[in-house]
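All remarks here apply to the structure that follows.
None of the figures in this text is laboratory data; all of them are computed from the coordinates on show. Fair warning: this is a prediction, and the values are worked out from it, not measured in the lab. Counting neighbours? That spans all protein chains shown, and the Cβs are built from the backbone with ideal geometry, glycine included.
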Amino acid sequence: MWVIVLFDLPTDTPEARRDYRLFRKALLEDGFIMLQFSVYARCCPSPENAEVHLRRVENTLPPEGQVRILQITGKQFERMKIFEGEIRQEPEREASQLQLF
C-alpha cells in the first residue's frame, strides 16, 4: 500500500515558509520520498501501517493551505505512467575574452 501526500501551502510570509519547511521535513523524517515538488509518497506494508503514517501527517498539518492524502495499492502505484518533457539545458554563456595590454 502507498500513502501519497499532495499539498499546496502558502509561502508568502516568513511564518508560512517556516510552516512549509517544517511540514516537508516531517514528511522526509517519516520516510516519505518526493515524487514531485509538492507530492510525496511512502510505501507501507499494510493498511494498518498506512493509518499510522496518515495520522502522523495529520499531526503535522500546517495551519494554512491544503493537504490531501491518497492511499493506493502497490499494483495501482506500479501502473503509474510517467511522462517527461525535454530536459532544459542552461543557455550558452557568452565567451569571455582574454584582453592583453
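Key figures
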read-out	value
First in the stretch 41-62 and in a helix (DSSP H, G or I), second anywhere and surrounded by fewer than 17 Cβ atoms within 10 Å (Cβ to Cβ), Cβ under 7 Å, 6 or more apart	ALA50/GLN71; HIS53/ASP30; LEU54/ILE69; ARG56/ASP30; VAL57/ILE69
Any pair with Cβ under 6 angstrom, 6 or more apart, that starts in the stretch 1-17 at a residue that is farther than 19 Å from PRO47 by Cα and ends at one that is part of a helix (DSSP H, G or I) and small (Gly, Ala, Ser)	PRO10/ALA16
Complete set of residues in the stretch 33-56 that are under 17 Å from GLN66 (Cβ atoms) and surrounded by 13 or more Cβ atoms within 10 Å (Cβ to Cβ)	SER38, VAL39, TYR40, LEU54
The lone exception for MET34 - which of (1) assigned to a loop (DSSP other than H, G, I, E, B); (2) among the aliphatic types (A, V, I, L, M); (3) touching a strand residue (DSSP E or B) at 6+ places or on another chain (Cβ under 7 Å) it fails	(1)
